[in-house]
Amino acid sequence: MTADTIPSALPRSDSDRAATSMRRLMLAFLVMGFSALLVGATIGPLQALNYGGIDAYPALRPLLQSYYQGLTIHGVMNGYVFTFFVTCGLLVYLPARELGVAPNLAMWRACFAVMALGTLCVFYAMADNSSSVLWTFYPPLKGSPFFYIGITLLALGSTMPLPILLKMRATWRRHRPGEITPLVTYMSLTTMLMWGLAGVGVVAELVLQLDPWSLGLIGTVDPIVNRTLFWLTGHPIVYFWLMPAYVSWYGLLSRQVGGKLISDPMARITFALLMIFSLPVGTHHQFSDPGFSSIWRGILVVLTMSVATPSLVTAFTIGLSLEYAGRLRGGRGWFGWFSALPWGDPSVAAQVLAAVTFILGGATGVVNGSWQLNAIVHNTTFIPGHFHVTVGSVTAMTFMAISFWMVPHLTGRQLVSRRLALFSVWTWFVGMTIFAIGMTWAGLYGVPRRAWVSALPHETYHALYGMASVPLALVALGGVLLWVASYTFFAVFFGTILFGRRTAPPPIPFAQSFGGPASSTIDSPPNPAQSASPLIRALDHIWLLTGVTALATVAAYIPILWPFLHHVTRAPGWILW
Ligand code: HEM
Ligand code: CU
């Protein structure tokens, strides 16, 4: 078949208008995302200095009125805006190119526009200090309508890639009946289905409670119901942060290091399990909330440990794929394969280093997930220590890694400097590791998270936190290194877009894999001899997976929400800043 006989096939020639529009839009998603990170990563180190006892905030007025205003901006810009924009770009662009099917451009543009409008609203609400409610916006803290409406738009916009993906897959299947969905598309689709289901919680919280409340249409809200709805989305969001990074690790990295993905089925099993397990366990963020039976808390621990399994599978599958490539490149012995990887490629270095930090992230996550251990670390700096070696490294570094090949691919411009790019990822790795060790360690001394400790009188700060002075110094040091790392990265990122030398755009490094269907664009020769295992065929029934996930979630949440709905709390709003 040729592209002419398939109206929806992606145009082959890169000079084509549709292909150009796709590239431009993808670049716009990247630029928006990384601009948000620029704001967030400017503020983050101020928070690290705060824990080190240095209070920069009086000098920052009137730009920032308080530590909490800054912390709200940091959490929202990094946790929502940065991750959503990059993900909603990637998970449409990569499948479109893998399948050779054009996405619905109008819909993809609408996704961008809705999220951009949302960002504008939230940013306005945060900048005027009307909404220093932090990224979790727990009621009865009360922000302005712009804040909640902005978050509503961001949440809704971030699910819009789902229909685009479904449509592209349907088109592809019409031309290749009976074949298995190609891997990158499969991973993107399960991520978006997971997120579409998960989003129901926070959208219900916003639309039924916080939006009308902030607009004055209703007088009170129920904090515990809203916290529960928030975490119905708030736990899965951590997988919405991780899974796009896994897409790159499974779908691209093995090619970038010069090998093959060691197991296509393992990648699919991982994504299917992440989809099913991540929704029912959201209430593990409420181990310290009232109103849950201890039996349910026990079940939750077991369920939470099972969601760690697919991440362990990922560690081994990716580890083995890296080893395979390292040995192909001549690496010998126990660790020789590791040093034989192409460390000179900043995109590879960033992803391998991100994977290394994830060891600390996974280990601390298991601590958080255990009810008893959670009681020790709850609301201490241990928690942000944990998630900066997950989303702050795995996601952030993998997205940087992607930008290193993708910006040249989209713009036809060479990276302005590989050495600066390498410097930025190594500094980020070292800085984030020092920072996270400091935060988790300080948390074990009971240093509270979300606390403007540097505003305390000096004697009080030392009396309270003197015993944690070594870890807190590490936090501050890590923060300063992260400033250096992020500004170097932004110099490379924006420098390449604006001033990079013209070059032939590099192709997308789609990996080949063992045990999976041959990668197939819509107009490549059909692949009838493919012998996918029954398991892989079963996993390709995405609606079955969706149904199972929805059922498990309903089963988990009805017993929790039912008693709450029968003992309604009516809280008026608080403005504490
Ligand atoms: C919170 C520092 C990058 C997401 C924090 C906190 C610190 C910090 C010290 C804890 C503040 C507190 O509990 O009072 C930094 C530094 C960064 C950085 C130095 C390097 C540039 C990131 C990235 C992300 C991120 C890349 C996500 C993509 C968050 C979130 C919170 C947070 C969601 C929670 C805010 C809250 O508790 O309300 N950060 N961070 N940070 N950070 Fe970062
Ligand atoms: Cu969680």
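Only the coordinates and a few stated rules stand behind these numbers; no lab work does. Source: prediction; values computed, not measured. Virtual Cβ from ideal backbone geometry, glycine too; neighbours counted across all protein chains shown.
Close amide H partners of Leu141, meaning residues 5 or more places away or on another chain with modelled amide H under 5 Å apart, are Trp574.
Ranking Leu320, Ala272, Met187 by Cα position along the charge dipole of segment 185-339, where only Lys, Arg, Asp and Glu carry charges on their C-beta atoms, puts Leu320 farthest toward the positive end. For the chain, adding -39500 (n - 2.57) for each run of n ≥ 4 DSSP H residues and dividing by the number of residues yields -21500 deg cm²/dmol at 222 nm. Annotation: the residues Lys167, Lys142, sorted from fewest to most other C-beta atoms within 10 Å of their own C-beta, follow the order Lys167, Lys142. Round to the nearest 0.05 the FRET efficiency obtained for Thr20 and His567 when R0 = 45 Å and r is the Cβ-Cβ distance. For R0 = 45 Å, the calculated efficiency reads 0.20. Axis angle, to the nearest 10 degrees, between helix 145-158 and the longest C-alpha principal axis of the chain: 20 degrees. Rounded to the nearest 20, the size of the Cβ-charge dipole of segment 305-464 about its Cα centre is 380 debye, with Lys and Arg at +1 and Asp and Glu at -1. Under the criterion of Cα pairs below 8 Å and six or more residues apart, the relative contact order for segment 1-157 equals 26 percent. Taking a Cβ cut-off of under 14 Å around Asn368, the surrounding Lys, Arg, Asp and Glu residues balance to a net charge of +2, with basic ones at +1 and acidic ones at -1. How far is the Cα center of segment 145-191 from the Cα center of segment 192-265, in Å? So the two Cα centres are separated by 13 Å.
Normalised by the number of residues in the chain, the average gap of Cα pairs under 8 Å and 6 or more apart makes the relative contact order 20 percent. Normalised by the number of residues in segment 441-554, the average gap of Cα pairs under 8 Å and 6 or more apart makes the relative contact order 14 percent. Rounded to a whole number of µm²/s, how large is the Stokes-Einstein D of segment 162-211 at 20 °C and 1.002 mPa s, given Rh as the Kirkwood radius over C-alpha pairs? Calculated translational D: 171 µm²/s. Between the alpha-carbon centres of segment 394-467 and segment 67-125 there is a gap of 22 Å.
For segment 333-396, which chymotrypsin sites (Phe, Trp or Tyr not before Pro) are in a loop by DSSP, counting at most 15 other Cβ atoms within 10 Å? Please report the intermediate quantities before stating the final value.
Details: sites: Trp334, Phe335, Trp337, Phe338, Trp343, Phe358, Trp371, Phe382, Phe387; in loops: Trp334, Phe335, Trp343.
Those that pass, being in a loop and sparsely packed, are Trp334, Phe335, Trp343.
Computed over the Cα atoms of the chain, what is the convex hull's projected area averaged over all directions, in nm²? Could the numbers behind the result be given before it?
Numbers: hull surface 105.1 nm².
Result: a mean projected hull area of 26.3 nm².
In segment 404-543, the C-alpha radius of gyration followed by the widest Cα-Cα span (Dmax) gives 24.4, 75 angstrom.
Residues whose amide H falls under 5 Å from that of Ser263, counting only those 5 or more places apart or on a different chain, are Phe514, with hydrogens built in the peptide plane. With a bin width of 5 angstrom, please list the P(r) values of segment 12-144 as percents of all Cα-Cα pairs, from the 0 bin to the one holding the largest distance. Taking every Cα pair in segment 12-144, the percentages come to 2, 10, 17, 18, 15, 12, 9, 7, 6, 4, 1, 0. Applying both filters, DSSP loop and at most 12 other Cβ atoms within 10 Å, to the chymotrypsin sites (Phe, Trp or Tyr not before Pro) of segment 63-150 eliminates every site. Amide H contacts under 5 Å for Thr380: Arg449, restricted to partners 5 or more places along the chain or on a different chain, H placed in the peptide plane at 1.01 Å from N. For segment 216-223, backbone phi angles converted through the Karplus equation (6.51, -1.76, 1.60; θ = phi - 60°) give residue-by-residue couplings of x, 7, 10, x, 9, 9, 9, x Hz, Gly and Pro being listed as x. Sequentially through segment 449-456, phi angles give Karplus couplings (6.51, -1.76, 1.60; θ = phi - 60°) of 7, 6, 9, 7, 5, 6, 7, 5 Hz, Gly and Pro residues having no value and appearing as x.
Count the net charge of all other residues whose Cβ sits under 14 Å from the Cβ of Arg174, scoring Lys and Arg as +1 and Asp and Glu as -1.
With Lys, Arg at +1 and Asp, Glu at -1, the net is +2.
Using a Förster distance of 56 Å, how high is the FRET efficiency between Ala363 and Tyr124, based on the Cβ-Cβ distance and rounded to 0.05? Efficiency, from the Cβ-Cβ distance: 0.90. Sequentially through segment 377-387, phi angles give Karplus couplings (6.51, -1.76, 1.60; θ = phi - 60°) of 9, 3, 6, 9, 5, 4, 5, x, x, 4, 7 Hz, Gly and Pro residues having no value and appearing as x.
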